[in-house]
Amino acid sequence: SLVLSASHTLLIQGGTGSIGANTTGTITFGTAYNTAPVVLVNGGPTGSSSEGDVHATSAASTTAQAIVNSGPSTAFYSWFSIGKA
C-alpha cells in the first residue's frame, strides 16, 4: 500500500491463476478495500489465437471480483487491482 495522506491509502494487489473451460470463478483479494477497487483481468489459452477469453463479469466488491472463462479450454490469467485501503 502507498500512503497518500493521513486519511487516504492506495492499495495495489495482483496475481495469476487458471480457470477451467466455460467456467465462472472468483478472485479474492488478500486485503479488503474500503471501497470497491478498479480491477483488470485478462488471459486465455497459452499459445492459442483465442487469447482474451477470461474477463470480469461484474463490478468488484471490496473483497472479490467475479470472473468467467468463456473459452473452450482451460485458461491462465493475470489480474491487477487498485483502490482505497
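The values are calculated or read from the model by the stated rules, or taken from the named source; none is laboratory data. Since the structure is predicted, the reported quantities are computational estimates derived from the model, not experimental observations. Just the protein is used for accessible areas: all its heavy atoms, side chains included, with ligands, DNA and RNA removed. Shrake-Rupley method; radii C 1.70, N 1.55, O 1.52, S 1.80 Å.
Couple of notes before you dig in:
- In terms of accessible area, using a 1.4 Å probe and ignoring ligands and nucleic acids, Val38, Val54 rank largest first as Val38, Val54.
- Across segment 12-22, coupling constants 3J(HN,Hα) worked out from phi with the 6.51/-1.76/1.60 Karplus curve, θ = phi - 60°, read 10, 9, x, x, 9, x, 9, 8, x, 4, 6 Hz, and Gly and Pro carry x.
- Listed candidates (i) 14.1, 48; (ii) 18.0, 56; (iii) 12.9, 42 - label of the one calculated as Rg and Dmax of the Cα atoms in Å: (i)
- Amide H contacts for Ala64 (H built 1.01 Å from N in the peptide plane; partners 5 or more residues away or on another chain; cut-off under 5 Å): Phe29.
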